[in-house]
Amino acid sequence: MKSLPELAAEAAQFFRGEAGFHRLFCEMKKKYESLGRIGGTISLANFTKEEKEAIAAFFGKEMTRVSLQAFAKQLDKTRFAGVSLEELLVHYFGEPLVANKERREAEQQEKAAFFQRLIAAYPSGAEWLTAALEHPNEYRLLHQAYVQQRDELYASICTVCEALRQLPEKGTYERLPLFAQKVTGDPHAFDLHTFQGKLFLSALEFYSRKKYQLSSVEEVNELLQSFGILREDILNFVTCAGILAETKEGIHPVFSAACETNMALNVPLREIVALTRAYPAKGNAVFVVENAGVFSELLDEAMPLVSTNGQLNLATLLLLDLLVESGAHLYYSGDFDPEGLKMADRLAGRYGENLSLWHFTCEDYFASMPSVSLSEERLAKLQSVSSPKLQPVKQEIERCKKAGYQEAILPVLRKDIEKEKANLKMKIDIDIHDTKNALPSEE
């Protein structure tokens, strides 16, 4: 007499030879995984004629739906009596039946063990990995990689955690390729388009305690710089004039000479990160403009100026940070287009009351004679502009669907700078007069 396992194997072999049953068995397996037990029914509405005929022959009548319990009872009436449907399905598919709930729990336990091994091995990344394990929706890159490329993920996390351990000491800087070479022996190990580079940014963003837009080159540069890593420190530069600066050694001679001769400077990030202080050479106002051409036109006024050259790169932001820290007040003027308003919005959010939006009213917008049509794609960028002071002009641009440019309002910008210049001269003259009057008269 055959044992039950032998009989179950024979039953599985029999049904494998009956092509009309395969689809039904697949559906019964899915039903078991869903319910965690033998139960439920399967509709035959989408089964083929041949499949329905095979099932009808088994039951001795035509069927529109098949109950798993009914199939089990009918199986007990065949020569395979004593074989449960669950045993039959196990032998048919050659693997244990696991309910979805049990499978998910097992998978979660396995994933937790994967991350716990890394957490125990690398204290430098433990907090980041714990957060990633507890908040999968916020760390989809890691969890997708766990499913798709687990071995690569493990190796990359090990490398990133080692990088976190070897971050530059506070107040010092290393260039990204040289840092990667030091940590891994490969200067391209943390190239930002690579999986490992993206993991590195994820970890840095977590430990920064801030949110960065990692699709933005400049925000990525800012994130790296906050941990003492420079991605590009020569071609990332700021254009300025009328600005004095200091390093640990004292007043920077190049900034001083440029102020004396009213020369514009293109200062690379390499030099900006070495500054301890920056401040206007005269007065308290620094005029910041978006476009280099406008900067050049205003340069003859010999007043403190900064040009963003159409983008808020890291060198520019760090110089503006230093100026604000010194007590300077920024006046920012840019283009009346989505990109210009987004830059103005970002600066307003970063510097708050230390920055004034300079000629960003609706009147200024119309004075710029807007004539360049804006696509819907570009107009959509305005949705992220949140500064209350920019809302009126934002709405006019959305209504008109036209862009205006800073160059068209150059005369009023120059007039403001001339007025500030005259006020400074008047103040200096008054101070000199007061000083003379305060001196003792000759007898």
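The values are calculated or read from the model by the stated rules, or taken from the named source; none is laboratory data. Just so it is clear, the model here is predicted, and its values are computed rather than measured. FYI the Cβ positions are ideal-geometry reconstructions off the backbone, even for glycines, and counts take in every protein chain you see. Ligands, DNA and RNA are excluded from the accessible area calculation, which covers all protein heavy atoms including side chains. Shrake-Rupley method; radii C 1.70, N 1.55, O 1.52, S 1.80 Å.
Residue-wise test of (1) at pLDDT 95 or above; (2) under 27 Å from Leu298 (Cβ atoms); (3) buried (at least 16 other Cβ atoms within 10 Å of the Cβ); (4) touching a strand residue (DSSP E or B) at 6+ places or on another chain (Cβ under 6 Å).
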position	(1), (2), (3), (4)
Ala367	yes, yes, yes, no
Val385	yes, yes, yes, no
Leu390	yes, yes, yes, no
Val393	yes, yes, yes, no
Glu398	yes, no, no, no
Tyr405	yes, yes, yes, no
Met426	no, yes, no, no
Asp429	no, yes, no, no
Ala438	no, no, no, no
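List the residue pairs whose Cβ atoms are under 8 Å apart, where the first residue sits in region 285-306 and is closer than 22 Å to Leu341 by Cβ, the second is part of a helix (DSSP H, G or I) and of a type in the set (Gly, Ala, Ser), and the two are 6 or more positions apart or on different chains.
Final answer for the pair search is Glu290/Gly340.
Look through region 99-129, keep the residues that are farther than 20 Å from Gly36 by Cα and either of a type in the set (Lys, Arg) or not assigned by the TED database to the domain that holds Asp151 (or both), and return whichever of them is least open to solvent (accessible area, probe 1.4 Å).
Across region 99-129, the extreme among qualifying residues is Lys111.
So, in region 185-216, exactly how many residues are open to solvent by 30 Å² or more (accessible area, probe 1.4 Å), in contact with a Leu (Cβ under 9 Å, 6 or more places away or on another chain) and either of a type in the set (Gly, Ala, Ser) or not in a loop (DSSP other than H, G, I, E, B) (or both)?
3
Could you grab me the full set of residues in region 379-419 that are assigned to a helix (DSSP H, G or I) and more than 16 Å from Tyr365 (Cα to Cα)?
Scanning region 379-419 gives Ala380, Lys381, Gln383, Ser384, Pro388, Arg414, Lys415, Asp416, Ile417, Glu418, Lys419.
Would you check if there is a residue in region 162-181 being hydrophobic (A, V, I, L, M, F, W, C), in contact with a Gly (Cβ under 6 Å, 6 or more places away or on another chain) and within 24 Å of Leu133 (Cβ to Cβ)?
The answer is yes, given that some residue of region 162-181 is hydrophobic (A, V, I, L, M, F, W, C), in contact with a Gly (Cβ under 6 Å, 6 or more places away or on another chain) and within 24 Å of Leu133 (Cβ to Cβ).
Looking only at region 288-306, decide whether some residue is hydrophobic (A, V, I, L, M, F, W, C), under 23 Å from Leu410 (Cα atoms), part of a loop (DSSP other than H, G, I, E, B) and over 31 Å from the mean Cα position of the chain (by Cα).
Checking region 288-306: at least one residue is hydrophobic (A, V, I, L, M, F, W, C), under 23 Å from Leu410 (Cα atoms), part of a loop (DSSP other than H, G, I, E, B) and over 31 Å from the mean Cα position of the chain (by Cα).
In this structure, does Leu424 turn out to be among the aliphatic types (A, V, I, L, M) and within 20 Å of Asn291 (Cβ to Cβ)?
no
For region 242-278, which positions are in contact (Cβ under 8 Å) with a residue 24 or more places away in the chain, among the hydroxyl-bearing types (Ser, Thr, Tyr) and open to solvent by less than 40 Å² (accessible area, probe 1.4 Å)?
Thr247, the sole residue that qualifies.
Say whether the condition of being assigned to a helix (DSSP H, G or I), within 18 Å of Gln108 (Cβ to Cβ) and touching a residue at least 60 places away in the same chain (Cβ under 8 Å) is met by at least one residue in region 149-169.
So far as region 149-169 goes, no, none of its residues is assigned to a helix (DSSP H, G or I), within 18 Å of Gln108 (Cβ to Cβ) and touching a residue at least 60 places away in the same chain (Cβ under 8 Å).
Can you report the number of residues in region 1-33 which are modelled with pLDDT under 90, more than 18 Å from Thr78 (Cα to Cα) and more than 46 Å from the chain's Cα centre (by Cα)?
Number satisfying all stated conditions: 1.
State which residue is nearest to Gly82 (Cα to Cα) when the search covers only region 1-60 and only residues that are open to solvent by 60 Å² or more (accessible area, probe 1.4 Å) and of a type in the set (A, V, I, L, M).
Leu4
For Gln311, work out the one condition from (1) assigned to a strand (DSSP E or B); (2) over 17 Å from Asp416 (Cβ atoms); (3) open to solvent by 30 Å² or more (accessible area, probe 1.4 Å) it doesn't fulfil.
(1)
Can you name every residue in region 1-59 that is among the aromatic types (Phe, Trp, Tyr) and over 23 Å from Arg103 (Cβ atoms)?
Phe14, Phe15, Phe21, Phe47, Phe58, Phe59
Which residues, taken from region 4-36, are assigned to a loop (DSSP other than H, G, I, E, B) and either touching a residue at least 60 places away in the same chain (Cβ under 8 Å) or not assigned by the TED database to the domain that holds Leu85 (or both)?
Answer for region 4-36, where residues must be assigned to a loop (DSSP other than H, G, I, E, B) and either touching a residue at least 60 places away in the same chain (Cβ under 8 Å) or not assigned by the TED database to the domain that holds Leu85 (or both): just Gly36.
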